[in-house]
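The block underneath contains the structure these notes are about, expressed in structure tokens.
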Ligand code: PBG
């Protein structure tokens, strides 16, 4: 072999220094693309969550403090998940549209303290429903679609009244995006956006989240409304429906194991795509890093970059604040 090789094309030229790698980098991550999911509770004290080490259920004061520190790190949006007391859970999930309830009070507290923060709310009945399902459960155990959609509209209106910037239906009922859009518009909330959980899979990766909220289904599973993990074309079908129904942002959930779905939605629609790095993805990273087996900072950044590279414009992640702090250290 003769040296040097006769090699006019050398891809390594573009990798030779941080400056050049910075020029050719195809995917960037910014704090403004991260959405921070926050758990909230009625109590006055913040509580550790045993199923999700490093996450807490915040009191309203704690919520404002945590959102403020995330905002200072560059995070510009949060999504709220309430833990509702058992005594308030009913088969009809009426607490979901109580204007004095936990979520409306949290929205108001955040908007008062942080007017430039976008507050997103989860629209689904599972935290409020004594059955632990996202929809209303009939006597025969079926999850009823159309009655649930009516309930979700009441819930979304209550969030909009309180000042939510975006409502995010996570229930997977048919027709809910169109119904929510009509209900919001009829009430004058033209500017309240809809981030639809478009392709939400019936996933084992949600386990730690259900522990955090005590919201696991009492009977059965969620397979009659959440999607089969084996299906990809069906996600495109859901995306086209949500787009036609007036969704502003489409979401894929979970994120890491579903990068192909993110990519195919990116190609199927011009709408912004969100991806949710869910509790199980968080816990896998946290536990491996706690054991000293992986480098947390590098793994978190690589996992978020991979989700962006697949085509997500924004990412819901429990690492949002930490990742934003790391991004700032790296010079944004
Ligand atoms: C429920 C809801 C779930 C998550 C967000 N909204 C759980 C479920 O569908 O059972 C999961 C989030 C996570 O695992 O981080 N509407």
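Build a GNM of the chain with springs between Cα atoms under 10 Å: which of 33, 16, 322 gets the top mean-square fluctuation?
16
With axes computed from alpha carbons, what is the tilt in degrees of helix 145-162 against the longest principal axis of the chain, rounded to the nearest 10 within 0 to 90?
80
Could you tell me how many degrees, from 0 to 90 and to the nearest 10, lie between the Cα long axis of helix 296-310 and the main elongation axis, the longest principal axis, of the Cα atoms of the chain?
The two axes meet at around 80 degrees.
Can you grab the distance from the C-alpha centre of region 108-138 to the C-alpha centre of region 166-195, Å, no decimals?
If you average the Cα positions of each part, the centres end up 13 Å apart.
If you take the square roots of the eigenvalues of the alpha-carbon gyration tensor of region 219-332 and sort them as a ≥ b ≥ c, do you get rounded (a/c under 1.5), prolate (a/b over b/c) or oblate?
Values: a/c = 2.47, a/b = 1.50, b/c = 1.64.
Judged from the Cα gyration tensor, region 219-332 comes out oblate (a/c at least 1.5, b/c at or above a/b).
Using a/c under 1.5 as the rounded threshold, could you call region 105-232 rounded, prolate or oblate? The axes a ≥ b ≥ c are square roots of the C-alpha gyration tensor eigenvalues, and prolate needs a/b larger than b/c, oblate otherwise.
prolate
Each label point is 7 Å from the Cα along the Cα-to-Cβ direction; what then is the distance between the points at residue 241 and residue 174, in nm?
The answer from the label model is 0.6 nm.
Taking the number of other C-beta atoms within 10 Å as the exposure measure, put 161, 133 in order starting with the fewest.
The most exposed by this proxy come first: 161, 133.
Out of all Cα-Cα pairs in region 267-332, roughly what percent, to the nearest whole number, are more than 13 Å apart?
67
Between residue 187 and residue 223, what is the label-to-label distance in nm when each label sits 7 Å out along the Cα-to-Cβ direction?
In this crude spin-label approximation the distance works out to 3.6 nm.
Would region 29-329 count as rounded, prolate or oblate if I go by the C-alpha gyration tensor, calling it rounded below 1.5 in a/c and otherwise prolate when a/b exceeds b/c, oblate otherwise?
rounded
In what sequence do 79, 144 fall when counting other Cβ within 10 Å, fewest first? Mind showing how you got there, number by number?
Working: 79 22, 144 15.
So the residues, fewest neighbours to most, are 144, 79.
Please arrange 305, 121, 90 by how many other C-beta atoms lie within 10 Å of their C-beta, fewest to most.
90, 305, 121
Every number in this text was worked out from the coordinates using simple rules, so none of it is lab data. As the structure is a computational prediction, the values presented were derived from the model and not from experiment. Methodologically, a virtual Cβ is constructed for each residue, glycine included, from the backbone with ideal geometry; neighbour enumeration extends over all protein chains shown.
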